[in-house]
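Everything below concerns the one structure shown next.
Throughout, read-outs are computed from the coordinates displayed, never taken from laboratory work. Values in this document were obtained by computation on a predicted structure and should not be read as measured data. When we count neighbours, we look across all protein chains shown, and the Cβ atoms used for this are built from the backbone with ideal geometry, even at glycine.
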Amino acid sequence: MKALILTGGFGTRLRPLSCTRPKILFPIVNKPLLQWTLERLAKNNVNEAIMAVNYQTEVAIKQHRIPRHGLHVTYSRDPLRKPLGTGGPIKKAEKRIGHDSHFLVLNGDIFADVNYTEILRTHQKKDAVATIALHRVEDPSRYGVAELAKDSRIKRFIEKAPRETAPSDLINAGVYALSPEIFKYIPKGRAVSIEYEVFPKLAEEGVLYGYAYDDLWRDIGKPEDYLEINRTLINSAITQPRCRIGKDTKLNEPTAFDKQVSVGRESVIGPHVVLGQNVTVGNNVHIQDSVILSGTAVSDFASIDGAIIGEGVYIGENTKIGRGCIIGDHAKIKDNTVLTERVSICPAKEISESVLTSKCIT
Ligand code: GDD
Ligand code: MG
């Protein structure tokens, strides 16, 4: 069984952290999103994952050396400066996928606890060309929406319909089971949107089906969604041994620490704090509801609440970082600086003055 993972898009809403890493490599409780996906594929007897990438994503994924769990991982690259969209990469991989069997296509930027075996089974039973995993959300306007008939057939598929006109609250969860006939519906050699160009046509022809599921689903595209998926999965993480916790420091669980984390004296960490590998936290520090990526140093008397802090960042003494702040990799926040709510700092930037309004410092 093969799965194609779409991962050539650009995560604009998670900037500035997405300037330096594709969304598929964002860690969720210290494990890259791609690793969660590969583990789930391996568990469902998929043996080959084809990564539909652009050049930068391919390089970044290879650098990360993610465990493969027995999967054969290959790369199918979009032409340089010519992204193929969400359908084009499927057509491009036609030979590699072959015509012998059904296969899976996954949006790489979402966390979707879909039972792949089940969706494939449903797909085969219905003799569908495509079966889309569907999930219920409150506001479907950012997604593709499906209108279902009684037999799970999708009568209509509309991408990014305004909330008022959306025919249902069942959205495209970004997991598809496809039959080889799908290749006939995707033109060759150009960018194709499967959501705008292919799914509506399949719906019209009566060969598009839905597989509604209730388990965990999250698009990590927005900072608050990213923090939330970390909060949700934090309980499943094991705090690594070899972390050093100083005297009189209080850990308000749940927290998740990766290898070689050290926290000084009299600090209060948690609840809902994820610390990446080699993060060092000083004395009298307060951190809650935040994700801090590997190699970052937080100095004494700092306070961090509801923020996402990148890799190798330096947070100076007596700094205060508020809700919704995102600090890019290798930035330096100097001593006594306050960043109020929703301040974004670009990678490698040095900040020596407080920022008291929400903005992006480039
Ligand atoms: N190789 C390649 N080339 N991959 C691409 C390209 C491209 O040109 N463009 C997008 N992708 C990948 C993205 O990296 C992502 O994993 C997936 O295709 C979907 O693209 P997004 O750009 O993230 O689309 P979206 O989030 O606006 O909407 C899609 O996802 C929703 C669920 O999160 C649609 O499929 C919606 O219908 C769906 O509800
Ligand atoms: Mg997306």
* Along the charge dipole of the range 2-221, Cβ charges K/R +1 and D/E -1, which of G206, I194, P83 sits furthest on the positive end? -> P83
* Around V285: net Lys/Arg minus Asp/Glu count, Cβ-Cβ under 9 Å -> -2
* Asked: So, in Å, what gap is there between the alpha-carbon centers of the range 33-91 and the range 136-161?
  -> 27
* Asked: If exposed GluC sites (Glu not before Pro) are those in a DSSP loop with at most 12 other Cβ within 10 Å, what is the longest stretch of the chain that has none?
  -> 165-352
* Within the set K2/K188; K23/K201; K160/K222, which residue pairs have Cα atoms separated by over 26 Å? -> K23/K201
* Length-normalised contact order of the range 234-361 in % [C-alpha pairs under 8 Å, at least 6 apart] -> 14
* Which of V59, V343, V279 moves most in a GNM of the chain, Cα contacts under 10 Å? -> V59
* To do: Kindly express, to the nearest 10 degrees and within the range 0 to 90, the angle between helix 223-233's C-alpha long axis and the longest C-alpha principal axis of the chain.
  => 90
* **Nonlocal Lys pairs with alpha-carbon distance under 27 Å, the range 26-119 (8 or more apart, or different chains)** => 13
* **Residue order, fewest to most surrounding Cβ atoms within 10 angstrom, among Y314, Y55, Y116** => Y55, Y314, Y116
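Let me check I've understood the local charge: for Y55, count other residues with C-beta under 15 angstrom from its C-beta, Lys and Arg +1, Asp and Glu -1. What total comes out?
+4
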* Local net charge near A203, Cβ-Cβ under 9 Å (Lys/Arg +1, Asp/Glu -1) -> +1
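Please compute the contact order of the chain in relative form: average sequence separation of alpha-carbon pairs under 8 Å and at least six residues apart, divided by the residue count, as a percent.
Across the chain, relative contact order equals 13 percent.
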* Structure fact -> The lysines whose Cα lies under 20 Å from the Cα of K320, excluding any fewer than 8 residues away in the same chain, are K250, K332, K334, K349, K359
* Would you order F103, F183 from fewest to most other beta-carbon atoms within 10 Å of each residue's own beta-carbon? => F183, F103
